[in-house]
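Readers should treat all values here as calculations from the given coordinates under stated rules, not as data from a laboratory. Everything quoted here is computed from the prediction, not taken from an experiment. Please note: Cβ atoms are built from the backbone with ideal geometry, for glycine as well, and neighbour counts cover all protein chains shown.
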Amino acid sequence: MGILSLLLLLPLVSSLDFRYHHTKELEAFLKEVQKNYPAITHLYSIGKSVQGRDLWVLALGRSPTQHKIGIPEFKYVGNMHGNEAIGRELLLHLIKYLVESDQHDPIITKLINNTRIHIMPSMNPDGFEASVMLQCASTIGRYNANRKDLNRNFPDHFTTNNQIIQPETKAVMKWINTGMFVLSANLHGGALVASYPFDNVDANGVSKTVDDDVFVHLASTYANNHRTMHKEIVCDDMNYFKDGITNGYHWYIVKGSMQDYNYVWGQCFDITLELSCCHYPSEDKIQDFWDDNKIALIEYIKQIHLGVKGRVLNQKNQPIANVIVEVQGRMHICPYVTNKNGEYYLLLLPGVYILNVSTITLIQHTFVFCILCPRPLKCINLRDLK
């Protein structure tokens, strides 16, 4: 009689319960993921909170420890307001889903093949530890340990922000200022809407960015893939959001927001995802929130591959850094420039565009291109550049 052997494929990450995980549990989970999936994950801290807690980030990709040319960098940031807790748990479950689906789900495998994804479950661990479950409208735990609102703590292009920059904010600013990120979202609670820049307004009363069409698309992508956000559900504050999206300023003014800082100074498109009417929902609702957001979280990451990307090289095929690469009619407040590898990434919707490429010596080259579908990395070889 032959012996039938059955190989049972078990996930390498222990069960992640649908409950809230405090700092030590969160750290243990992230370290376990890195230990069990070393080929596609890298755990690092970008700094410390006021009370000395690490601001952990888990990077996922085929080259998790370092940037790879042609692979755009994405980030999710959760729990910026410590009492807005659901985003923290959603990001832990997203990590689990990504690592366990790699090489089994072709969509996730392709995403990990072509994207480096950075996930920070908690930007405000001190605030989370001070917050109280089921406090739907309370501000307990919202602020950091110095009683500062981190989403009012960034430099603001439109107005002077005299707040003392907090340790958590400094760490995130330094992280953003690496210039490696292309697309991002930060997860909040207290409403059900996808909000996009600007959160403030210029001297002419304008709150639209030059990339408003792209931002509307990004916010709509999340809202339409969320189970209920696009249904325009009204929370207790009675705010109504058409199609589940809003321009930040049109909702209410925010001076010193993280999404505006990302866009103005970081060359990174960032939106704010408000995912629950209650700031700190009960644990028995967490699985429902995961089911509501799972597809939207994945579909939003995919949007990093919109538009055009490439490299600027000299006649020796050497990369040129700090070359301004902008689409005509879309000049940013801080011009978007190539990184040290000569790379540029511009998020654009399908259409015909004129690309202006210029250096500090004012040599300018213009290219007309059409975006119809995703295309491979394209190099612009500028023979005139030294």
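Observations
- Overall, the chain carries a charge dipole of about 1500 debye about its Cα centre when +1 sits on the Cβ of Lys and Arg and -1 on the Cβ of Asp and Glu, all other atoms neutral.
- N83 long-range amide H proximity, modeled H, under 5 Å: R142
- Per residue, the average separation of C-alpha pairs within less than 8 Å and at least 6 apart gives the range 23-305 a relative contact order of 23 percent.
- One compactness figure for the range 138-293 is 1.04, namely its Cα radius of gyration divided by 2.2 N^0.38 Å.
- Taking θ as phi - 60° and the Karplus parameters 6.51, -1.76 and 1.60, the scalar couplings of the range 286-303 work out to 4, 5, 4, 5, 4, 4, 5, 9, 3, 5, 4, 4, 6, 4, 5, 4, 4, 5 Hz in sequence order, x denoting glycine and proline.
- For S63 and I164, a Förster radius of 30 Å and the Cβ-Cβ distance give a FRET efficiency of 0.20, rounded to the nearest 0.05.
- Euclidean distance of C-alpha centroids, the range 118-134 and the range 295-360, integer Å: 34 Å
- Cross-link pairs beyond the 22 Å C-alpha cut-off, checked among K75/K174; K110/K340; K110/K174; K35/K309: K110/K340; K110/K174; K35/K309
- The range 155-223 and the range 18-40 have Cα centres spaced 28 Å apart.
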